[in-house]
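So the structure is just underneath, and the comments pick up after that.
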Amino acid sequence: MAQDWKSADLELCLERAEPVEGMRKMGTSRPSTGWKICLSLLAIGLCAAAAICFTDQKRDITEGSENLRRPLRQISDTQTAIHLEGLFNHTFSKTTVEWRDHQDQSFHKGALKLVKNEIVIPKKGIYFVYSQVSFRINCQVSPDQAQPLETVQLSHMVMRASRAFDDHQPLLNTKRSGCKQFISEEDSGKRWYSAINLGAVFSLEEGDRLSTRTEPHAELPSVEGDSGKSFFGVFAL
């Protein structure tokens, strides 16, 4: 549509151009009525083209926003979800993070449950599994330490136990370097912060049990238990 406007305007301008040129040769400086009409039509054509372009751009933005909202609605409408908050509790276990479903932002909705520090899958389906553990590490060592200095290595795994196999198997696994150890006679109180986060989609079976494993065990007391720092969750897709 915008192209047709421009073609018509240019043809009219060319038709009106010759009389104006003749008037200039005769010394007339007053603009002709033809040029006024030509400029008016050209302005209308440009406005029409701009309106079409703006409408198409607005439609693209609207469609893009809808594409973003659709998966968010799918997540928010799910009736099966669980989100747990974690902390290190030496009276509970010295080898794993304790997960709680009645603390801070934790919740469960539908049939997903926390049983003996494991998330139990209620039925076969597609699930998004995620977890994060945050650390506050002390990398200072005393001068009398016999072992050589090294970089503290951290790992966090989500494990799956299923009727299809006997033992727990890794479902998600990530390792990260914490900080380099250094010698200090006194504890300065300085700490290094690090976080490991995991997340992916899996096809799980009814009765599957999901748990976590965090290593080294010596760094478990460094796990941060504040709200939003360490968590573990699953929701159905």
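Return the only residue of 204, 210 being at pLDDT 90 or above, farther than 20 Å from residue 100 by Cβ, assigned by TED's automatic domain parsing to the domain that holds residue 103 and hydrophobic (A, V, I, L, M, F, W, C).
Only one candidate passes the filter, namely 204.
Of a type in the set (S, T, N, Q), surrounded by 12 or more Cβ atoms within 10 Å (Cβ to Cβ), closer than 19 Å to residue 133 by Cα and in contact with a helix residue (DSSP H, G or I) (Cβ under 7 Å, 6 or more places away or on another chain): is that true of residue 174 in this structure?
Details: of a type in the set (S, T, N, Q): yes; surrounded by 12 or more Cβ atoms within 10 Å (Cβ to Cβ): yes; closer than 19 Å to residue 133 by Cα: yes; in contact with a helix residue (DSSP H, G or I) (Cβ under 7 Å, 6 or more places away or on another chain): no.
No, not satisfied.
Tell me yes or no: at least one residue of region 151-163 is exposed (fewer than 10 other Cβ atoms within 10 Å of the Cβ) and assigned by TED's automatic domain parsing to the domain that holds residue 111. It would help to see each step written out before you state the result.
Here is the first cut: in region 151-163, the ones exposed (fewer than 10 other Cβ atoms within 10 Å of the Cβ) are none.
No, that holds for no residue.
Being exposed (fewer than 12 other Cβ atoms within 10 Å of the Cβ), over 26 Å from the mean Cα position of the chain (by Cα) and assigned to a strand (DSSP E or B) is the filter here; which residues of region 94-150 pass it?
115
Residue by residue through region 207-237, note down the ones that are outside any loop (DSSP other than H, G, I, E, B), under 13 Å from residue 88 (Cα atoms), out of contact with any Lys or Arg (no Cβ under 6 Å at 6 or more places or on another chain) and hydroxyl-bearing (Ser, Thr, Tyr).
The initial filter retains those residues of region 207-237 that are outside any loop (DSSP other than H, G, I, E, B), namely 209-215, 217-223, 231-236.
Imposing the further condition that a residue be under 13 Å from residue 88 (Cα atoms) reduces the set to 212-215, 217-223, 231.
Those still in the list that are out of contact with any Lys or Arg (no Cβ under 6 Å at 6 or more places or on another chain) too: 212-215, 217-221, 223, 231.
Across region 207-237, the qualifying residues are 212, 214.
Could you list, in sequence order, all residues of region 180-206 that are outside any strand (DSSP E or B), surrounded by 13 or more Cβ atoms within 10 Å (Cβ to Cβ) and either free of Cβ contacts under 8 Å to residues at least 40 places away in the same chain or touching a strand residue (DSSP E or B) at 6+ places or on another chain (Cβ under 7 Å) (or both)?
Result: 181, 184, 191.
The values are calculated or read from the model by the stated rules, or taken from the named source; none is laboratory data. Fair warning: this is a prediction, and the values are worked out from it, not measured in the lab. Methodologically, a virtual Cβ is constructed for each residue, glycine included, from the backbone with ideal geometry; neighbour enumeration extends over all protein chains shown.
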